[in-house]
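Before any comments, here is the structure.
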Amino acid sequence: MQQTGKMKREKPFGCGNFSVVGPVKGKLGVFGTKALFCKSYRCSRCRPPKLRDVRARISAAAETHKLNRMRTDRYIRECWRKMRVLLARQFGKSLAFVGVLEFQKNGNAHLHILVGQYIPQKWLSIAWQSIGGGRYVDIRFVDIHRVSAYLTVYLVGDKVVKTLELLPKRARIFTTSRSIVLYGKKDKSGWWMRRVDIGELYDAAENHSNVRSVPVDDLTPFGLELLSYFESPPFSAALGNRDVIGMLRSALPVWNHKKVSSEGSGEVPKTKP
Ligand SMILES: [Zn+2]
């Protein structure tokens, strides 16, 4: 009987048409239900919040790693790879960096690289030319408190859209050294995915609380916001065909979790499809 699900044609994931459900930390007997968004830069619904998020994360990483020298280079991915080898040799360690790709109106690709190491312009220029990177290397010192403002100029919706249009489908626009982690590890939350949208689960649940919605670009013209999260007592539609006893066993430690972070916020785990 367990296999019958496989026989059915599985509903394909689309932004917001699946949900994740699970026990809410520190709230005994409470389930959380969260809309599962695609979190893609290519999605007009997900791009603005994602960009806000990545800007905040880069700013935080810049602060932590003292990355305050912004470099505007003529873009060549391969050159940057070679350059990192030269830099590692020169400074005896691999440099921490965050890179953001951008295309100018004339089609020139640029790589903006944020590093924390002082690099003399002269050395950089010679090294860059030696690996075929061209003559232009622009070094700017950016005050650590201005990194966020700088990123706001370069990491905005239309620029990112343009960059993505010019890139192969799976190419990345952000690169970081291994020493920098923009997105920390997801904690094991004990949540699971349901192949139904949050609206359906909302209708099936009772006594909703902590209902949240988000403004999204594609609904704004209609004055609507998207339901993104709610809490409720456990309900059968949330379980799907999951075993109740097994679910309760894994939910209890989560429910009994002693809260460390602030009340009611930041407790919603992030889950990717
Ligand atoms: Zn999306």
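The requirement of being touching a helix residue (DSSP H, G or I) at 6+ places or on another chain (Cβ under 7 Å) and surrounded by fewer than 19 Cβ atoms within 10 Å (Cβ to Cβ) is not satisfied by Pro23.
When Lys11, Lys66 are screened for being in a loop (DSSP other than H, G, I, E, B), at pLDDT below 80 and within 30 Å of Pro120 (Cα to Cα), only Lys66 passes.
Condition check ((1) over 29 Å from Glu63 (Cβ atoms); (2) at pLDDT 90 or above; (3) in contact with a Pro (Cβ under 6 Å, 6 or more places away or on another chain); (4) acidic (Asp, Glu)) across all residues:
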site	(1), (2), (3), (4)
Val181	no, no, no, no
Trp191	yes, no, yes, no
Asn241	yes, no, no, no
Glu267	no, no, no, yes
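Checking each residue in segment 208-218 for being in contact with a strand residue (DSSP E or B) (Cβ under 6 Å, 6 or more places away or on another chain) and not charged (D, E, K, R) picks out His208, Ser209, Asn210, Val211, Ser213, Val214, Val216. When Lys27 is tested against the conditions (1) within 20 Å of Lys162 (Cβ to Cβ); (2) part of a loop (DSSP other than H, G, I, E, B); (3) of a type outside the set (Asp, Glu), the lone failure is (1).
Residue-wise test of (1) touching a residue at least 40 places away in the same chain (Cβ under 8 Å); (2) more than 10 Å from the ligand (Cβ to nearest atom).
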position: Cys15; (1), (2): no, no
position: Phe18; (1), (2): yes, yes
position: Pro23; (1), (2): yes, yes
position: Lys27; (1), (2): yes, yes
position: Gly32; (1), (2): yes, yes
position: Leu36; (1), (2): yes, no
position: Tyr41; (1), (2): yes, no
position: Arg47; (1), (2): yes, no
position: Asp53; (1), (2): no, yes
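Out of Arg212, Arg249, one residue alone is part of a strand (DSSP E or B) and modelled with pLDDT of 80 or more. It is Arg212.
Tally the residues that are touching a helix residue (DSSP H, G or I) at 6+ places or on another chain (Cβ under 9 Å) and either free of Cβ contacts under 8 Å to residues at least 40 places away in the same chain or outside the structural domain of Val24 (by TED's automatic domain parsing) (or both), restricting the search to segment 216-238. Step through it out loud before you land on a result.
Pass one, segment 216-238, residues touching a helix residue (DSSP H, G or I) at 6+ places or on another chain (Cβ under 9 Å): 216-217, 226-230, 232, 234-238.
Narrowing further to those that are either free of Cβ contacts under 8 Å to residues at least 40 places away in the same chain or outside the structural domain of Val24 (by TED's automatic domain parsing) (or both): 236.
Final tally of qualifying residues: 1.
Against the list (1) part of a helix (DSSP H, G or I); (2) at pLDDT 80 or above; (3) within 22 Å of the chain's Cα centre (by Cα), the condition Thr33 fails is (1).
The values are calculated or read from the model by the stated rules, or taken from the named source; none is laboratory data. Just so you know, these numbers come straight off a predicted model, no measurement behind them. Neighbour counts run over all protein chains shown; Cβ positions are idealised from the backbone, glycine included.
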